[in-house]
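Taking it in order: structure first as structure tokens, then the write-up.
Readers should treat all values here as calculations from the given coordinates under stated rules, not as data from a laboratory. Owing to the predicted nature of the structure, the values given are computational and were not obtained by experimental measurement. Cβ placement follows ideal geometry from the backbone for every residue including glycine, while neighbour counts extend to all protein chains displayed.
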């Protein structure tokens, strides 16, 4: 093999390792929920039958639970939807995964379910700065035109939109969307 090519590959490897280490150090500035509210976290899923929803909840818990650390939600029928109620033990990140999973739970990918979640934030910081949605209950959803299958969005009561891509870190981004905030009504 050409010596110049080997040297160039070594330099490239060194540069990649250097930047990878820098990214790990920046992890100290990630999205953080400093305080947690005691309010319930709610998800509504529309147009699903009870048997499928029961299977989907069981599958989610089986897939994501380590040592039974995923809370089983209380499920109730509310008009044309089912409502999943979680306690304060369910984090923002867990709610993101629940909302996304419920939207795409049709294993044949023939149907995207309509899902809305309400998450009451406590004090939130990103890169050490307080976020404007601190102390607000946001409405979580998956955008209608989503093609990535690996994110959720949320809208604040004053209709500011954010997208939360997975893997969750400091990658929360402000977006434009036309989804209107709906206040949670029991």
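Computed from the C-beta positions of residue 112 and residue 76, the FRET efficiency with R₀ = 30 Å rounds to 0.85. Taken along the Cα-to-beta-carbon direction at a fixed 7 Å, the label points for residue 101 and residue 166 span 0.9 nm. Each label point was placed 7 Å from the Cα along the Cα-to-Cβ direction; for residue 88 and residue 55 their separation is 3.7 nm. Grouping the Cα pair distances of the stretch 31-175 into 5 Å bins from zero gives a pair-distance distribution of 2, 9, 19, 24, 21, 15, 7, 2, 0 percent in increasing distance order.
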